[in-house]
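Below: one structure, written as structure tokens.
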Amino acid sequence: MTWTAVTTRRTRYVLGPGFLSGAEVGSGEAGLDPATGGTVLVLSSTDAGADSWAEGTRHNVGQEFEVVLKSRVLAAQRSNAVVTDGA
């Protein structure tokens, strides 16, 4: 499973418990979106990570989630639907 997150804003976050651990992320790449100038983060997960992602989005539809690495928010997105296919 692969997904992409884009962020262009600077915001302070209050972080709650996560639903995907670093052990469930297979790989990741960061770059710039040429259209917006924002950061693009592309992550691939393990099979267990895909299951955790589906479960996490199932319980958080309409909520914002953050991608955090070493206490730094790399991206923030809103979950508009349950994501079971990586899209």
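Any read-out appearing in this document is the output of simple, stated calculations on the displayed coordinates, not a laboratory observation. Everything numeric in this text was worked out from a predicted model, so none of it was measured. When we count neighbours, we look across all protein chains shown, and the Cβ atoms used for this are built from the backbone with ideal geometry, even at glycine.
Sorted ascending by nearby beta carbons within 10 Å, beginning with the fewest, Thr57, Thr46 become Thr46, Thr57. Look at the dipole of the chain built from charges on Cβ: of Gly31, Leu43, Leu15, the Cα furthest out on the positive end belongs to Leu15.
Each of Arg58, Arg78, Arg12 has some number of other Cβ atoms within 10 Å of its Cβ, and from fewest to most they run Arg12, Arg78, Arg58. Between helix 47-58 and the chain there is an angle of about 80 degrees, using the helix long axis and the longest principal axis of the Cα atoms.
Note on Arg58 and Gln77: the extension gain reaches 5.4 nm, defined as 0.36 nm multiplied by sequence separation minus the Cα-Cα distance.
Here the chain is treated as a Stokes sphere of Kirkwood radius computed over C-alpha pairs; at 20 °C and 1.002 mPa s its diffusion coefficient rounds to 161 µm²/s. For the stretch 12-87, chymotrypsin sites (Phe, Trp or Tyr not before Pro) meeting the loop criterion (DSSP other than H, G, I, E, B) and having at most 11 other Cβ atoms within 10 Å: Tyr13. Working from label points 7 Å from Cα in the Cα-to-Cβ sense, the Leu32 to Ala48 distance is 3.8 nm. Under 10 Å, Cα contacts only: if you run a Gaussian network model on the chain, which one of Ala50, Ala30, Ala75 comes out with the highest mean-square fluctuation? Evaluated over the chain, the most mobile residue of the options is Ala30.
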